[in-house]
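What follows is a short report on a single structure.
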Amino acid sequence: MKIIFTFLVLFSLFSFDGNAQKCQVKEDPFTNEKVVSFNWKHGIVFYEYKGDEIKFGIRCNYNGEKNVVMEKGQKAFFKLDNNETMELLTCVDANPETQIRASQYAASVFTAYTFIFCLTKDELSKLAKYKMLAFRYPDTNGEYLDIILKGKKNKYAKAVLEGGQCILSNVQD
């Protein structure tokens, strides 16, 4: 009997749908507004719907220490699997967050920027319907960097798609 009970407990733990933790619907305690949020891996990809505003954020890492604030209005491009390229503009400044990672063998310095986009419902619908294949984002020197979302990086595309679906299913018409 203990073996069956242990098996059932372990089975329920491993069959748990992790998406339920990422997509949350709450009520703002001060305004009583509905707030829908999606957060993947501590904000690497996130969405928030509050009032009439839809925000989408994605965090990008750069090698080395960067001390440049990327002002709002930066362009980013999303290549979708319907062969469309979406151009979005950041709606807030992206501040540098420099971090050091060390092990007993090596240390590395990198800087993270979180790019936040204010989306229209149409833009949200596209991110919720079509999988992202590539992402072109601004570099601190005025150029762009590309990420092709294949292999292990495909999980980022999945998070963008799932987050879009979470928010879209809860957006008021």
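Rule-based calculations on the coordinates, nothing more; no lab input. What you are looking at is a predicted structure, and each value in this text was computed from that prediction instead of being measured. Note: ideal-geometry Cβ built from the backbone for every residue, glycine included; neighbour counts use all protein chains shown.
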Inset, instruction - Taking the residues in the stretch 48-76 that are over 16 Å from Tyr113 (Cα atoms) and not β-branched (Val, Ile, Thr) as candidates, determine which candidate is surrounded by the most Cβ atoms within 10 Å (Cβ to Cβ). - result: Tyr49
Inset, instruction - Write out, first by first residue and then by second, each pair whose Cβ atoms fall under 8 Å of each other, whose residues are 6+ apart or on separate chains, and whose first residue, in the stretch 75-96, is within 18 Å of Asn154 (Cβ to Cβ) while the second is part of a loop (DSSP other than H, G, I, E, B) and of a type in the set (Ser, Thr, Tyr). - result: Leu80/Tyr130; Asp81/Tyr130; Asn82/Tyr130
Inset, instruction - Pull up the stretch 33-53, narrow it to residues that are of a type in the set (Phe, Trp, Tyr) and closer than 16 Å to Lys158 by Cα, then point me to the one that is nearest to the chain's Cα centre (by Cα). - result: Phe46
Legend entry - Qualifying positions in the stretch 52-104 - of a type in the set (A, V, I, L, M, F, W, C) and assigned to a loop (DSSP other than H, G, I, E, B): Val68, Val69, Cys91, Val92
Inset, instruction - Residue by residue through the stretch 105-132, note down the ones that are part of a strand (DSSP E or B), out of contact with any helix residue (DSSP H, G or I) (no Cβ under 7 Å at 6 or more places or on another chain) and not hydroxyl-bearing (Ser, Thr, Tyr). - result: Ala107, Val109, Phe110, Ala112, Phe115, Ile116, Phe117, Cys118, Leu119
